[in-house]
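Participant: Can you keep this structure in mind? I'll have questions shortly.
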Amino acid sequence: MFDDVDSGWEKRIVTPDIFLSRIEPGMSIFLGTGVAEPRTLVKWLTTSEMSNLTDLELVQIVSLGDAIAFRNTAHDHKYRLKTFFAGWLASDAITSGYVDMIPCRFSRIPRLVESGAIRVDVAFVQITPPDRAGYASLGVSVDVAKYAMERASIVVGEINSSVPRTMGNTFVHVDDFHYLVRATEPPIYFPRWPVDDVVDKVAANVASMVDDGSCISFYSGALFEALGRHLAHKRNLGVHTYFFTDPLMDLIKCGAVTNRKKNYFRDKSLTAYAQGTPELMKWLHRNPVVEFQGIDVVSDHLRISLNDKMIAILPARKVDLTGGIALHIGKGNVTPGPGQAQEFFAGAEHSRGGRTIFALPSRNLKGQANILLSVEDFPNQFTNRESLDLIITEYGIASMIGRTVRERAQALIDIAHPDDREELIRQAKNANILYADQIYLPDSGSLYPARLATTRTFKGGLTVRFRAIKPSDEEEMRKLFYRFSDNAVYYRYFSAIKSMPHRKMQEYVNVDYQRIMSIVGTIEESGTERLIAEGRYVRHHDRPFADVAFVVDENFQGRGIASFLFETLIRVARELGIEGFTADVIADNKAMLKVFEKAPFPIRAVMEYGIYNLNIPFEDADESITPGANSKK
């Protein structure tokens with residue numbers, strides 16, 4: 001694929017018997033990682049009949065290729081593979097006992113190799129053709145190759161002209177190798193991942209939490225394929241990631257990723273590996289915007305945290321109601337294990353403005369629930385409930401920060417598959433996680449109007465997210481109530497209500513969306529979601545009108561939030577066949593009266609006992625009317 005810069009190295013090419021004969025029984029052989037596996041060397045090693053090639057130990061950081069795939073009982077005595085990664089083909093082999101898994105954080109592996117705790121006698125490494133000065137590139141896998149080469153007494157370089165010459169700490173000299181061979185096997189490529197509607201919705205929800213200027217981490221898989229498309233409109237994103245993939249290439253090409261806001265390796269997308277299509281490999285060739293460094297640099301959580309607004313996006317397999325996470329296993333999984341996840345999780349947690357996200361569909365491909373009462377029977381668990389931030393499915397976003405176990409459970413049930421929620425409520429009650437009197441409206445999940453979710457910026461640069469109310473908003477609505485002054489409570493409820501206990505508030509937040517529509521406005525405050533506004537209408541039983549009311553945190557009034565809620569409720573009501581609004585407003589509530597005056601409809605108002613009874617019929621609307629121009633009071 002890529003032209004040889006100089007052909008002088010060809011004189012140093014040897015046949016496999018030359019170096020294979022030097023390998024002794026019991027030696028430990030380091031293999032290049034992932035898609036940079038030296039496939040020709042592995043093939044020769046695993047198929048050779050030389051008697052000295054026995055009881056060997058192969059060490060590979062991430063196993064995706066032939067070293068894992070080659071399983072023949074007639075050759076079991078030849079070698080045993082050790083890996084630090086339990087994904088892809090390695091999972092089944094580890095479970096079956098054919099491969100040894102070394103649980104370890106990636107950032108610690110270089111020290112283990114350098115100190116000799118992980119013994120390396122021989123190193124098989126894939127490289128590009130050397131240039132005129134004798135320097136070759138490690139290509140798309142840096143990880144710990146240089147440390148392994150320094151420790152090994154036999155270093156063999158497999159020269160593959162289809163490997164891109166990448167930039168960063170990737171260069172090695174031909175004199176660092178005892179032997180050179182020419183590759184006869186192609187590199188490992190990964191096609192683009194197909195994306196279904198469910199995964200696309202999950203990705204859209206994840207993208208909504210990624211602000212301009214954020215720094216992101218990516219892995220392979222359908223979630224990240226879809227996420228790349230949803231991030232294409234963002235600005236000044238940065239990249240700090242284990243794996244560089246095709247979607248990240250797309251984001252750089254479209255201008256969404258610039259790396260201008262990064263504090264660590266500014267202007268560079270930092271990675272240790274790349275995996276993807278031939279198109280990606282060609283694009284990476286001599287591309288200075290992608291910086292390849294060793295995994296001690298890329299996975300160090302302190303260095304990760306230097307990037308402001310670091311977003312660690314991690315795919316999950318299962319989540320339980322207390323926040324327990326089970327990560328993916330098995331063939332097809334090229335995402336991190338607990339150790340690798342912890343490093344980016346910790347980096348994002350300590351980053352200024354950083355977020356951690358676990359994302360998953362509400363059900364798996366077999367239609368089984370992915371949100372459960374407990375994940376204790378699942379392997380590959382991520383055990384850091386105390387620091388969880390966001391969990392996202394196609395049904396929404398659940399915030400974990402600062403929430404009790406009960407509040408977490410309710411938030412997770414709200415983003416579970418609608419057909420699983422009633423059973424989760426029952427199980428949570430039996431486990432004393434939820435109150436015994438917890439309300440559940442069976443149709444609420446399927447009727448939830450997710451389409452209403454939107455974000456708006458108001459006066460003073462205030463960014464507010466709007467969505468329909470959920471049962472898990474109970475605690476935030478309760479807090480909002482207790483922030484009101486006595487006047488505000490009276491304006492909203494027409495009485496001096498002093499308390500809003502669980503019994504009352506859960507009735508308020510569990511709504512029948514066919515009869516009641518409630519839209520809440522939230523802001524992010526110290527990484528948590530704070531509810532600051534609500535607008536709601538309730539259909540009349542005897543006519544096609546609905547009664548409407550609003551409430552806005554007094555610290556955020558006068559910015560247009562109530563007006564936006566009013567406009568949104570009008571639009572929703574008209575779509576659902578409601579013909580007009582009614583409202584009761586205390587005469588001295590001037591702020592609320594101004595909101596109604598902005599309606600593009602004639603308002604009929606009658607004063608009675610100090611209260612304006614407003615009638616706002618939609619059928620008389622003239623869309624060209626200036627808001628409030630025809631209002632009557």
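Participant: Suppose only helical runs count, i.e. DSSP H with n ≥ 4. What mean residue ellipticity at 222 nm does that imply for the chain under -39500 (n - 2.57) per run, divided by all residues and rounded to the nearest 500 deg cm²/dmol?
Facilitator: -7500 deg cm²/dmol
Participant: Placing unit charges on C-beta atoms (Lys and Arg positive, Asp and Glu negative, everything else neutral), compute the dipole magnitude of region 450-617 about its Cα centre in debye, rounded to 20.
Facilitator: The calculated dipole for region 450-617 is roughly 260 debye.
Participant: Okay, moving on. Please return the longest stretch of the chain lacking exposed loop sites, where GluC sites (Glu not before Pro) count only if DSSP places them in a loop and at most 12 other Cβ atoms lie within 10 Å.
Facilitator: Value returned for the longest uninterrupted segment is 50-375.
Participant: Dipole of the chain, Cα-centred, from +1 at each Lys and Arg C-beta and -1 at each Asp and Glu C-beta, to the nearest 20 debye?
Facilitator: Dipole of the chain, to the nearest 20 debye: 1140 debye.
Participant: Evaluate E = 1/(1 + (r/R0)^6) for V405 and V289, where r is the Cβ-Cβ distance and R0 equals 51 Å; express this FRET efficiency to the nearest 0.05.
Facilitator: For R0 = 51 Å, the calculated efficiency reads 0.70.
Participant: For the chain, find the longest principal axis of its Cα atoms and tell me its angle to the long axis of helix 561-575, 0 to 90°, nearest 10.
Facilitator: On a 0 to 90 degree scale, this one is about 90.
Participant: So which of K234/K268; K429/K470; K201/K429; K146/K268; K504/K594; K234/K261 end up more than 24 Å apart by C-alpha?
Facilitator: K201/K429; K504/K594
Participant: Order by neighbour count: L372, L565, fewest other Cβ atoms within 10 Å first, most last.
Facilitator: Listed from fewest to most nearby Cβ atoms, that is L372, L565.
Participant: Please report the relative contact order for region 450-617, taking Cα pairs under 8 Å with a sequence separation of at least 6, and give it as a percent rounded to a whole number.
Facilitator: 16 percent
Participant: Antiparallel DSSP bridges in the chain: what percent, to the nearest 5?
Facilitator: Here the antiparallel bridges make up roughly 50 percent for the chain.
Participant: Next up: Quote the relative contact order of the chain in percent (integer), defining contacts as alpha-carbon pairs under 8 Å separated by 6+ residues.
Facilitator: The normalised contact order for the chain reaches 9 percent.
Participant: Only counting other Cβ atoms within 10 Å, I'd like R385, R408, R403 sorted with the fewest neighbours first.
Facilitator: R385, R403, R408
Participant: Using the number of other C-beta atoms within 10 angstrom as an exposure proxy, rank Y482, Y179 with the fewest first.
Facilitator: Final ranking by Cβ density, sparse to dense: Y482, Y179.
Participant: Can you tally the net charge around W193? Count Lys and Arg as +1, Asp and Glu as -1, for every other residue whose Cβ sits under 10 Å from the Cβ of W193.
Facilitator: -1
The numbers here are math on the coordinates, done by the rules we state, and not lab data. Values in this document were obtained by computation on a predicted structure and should not be read as measured data. Quick reminder, even Gly has a Cβ in these numbers, built from the backbone with ideal geometry, and neighbours come from all protein chains shown.
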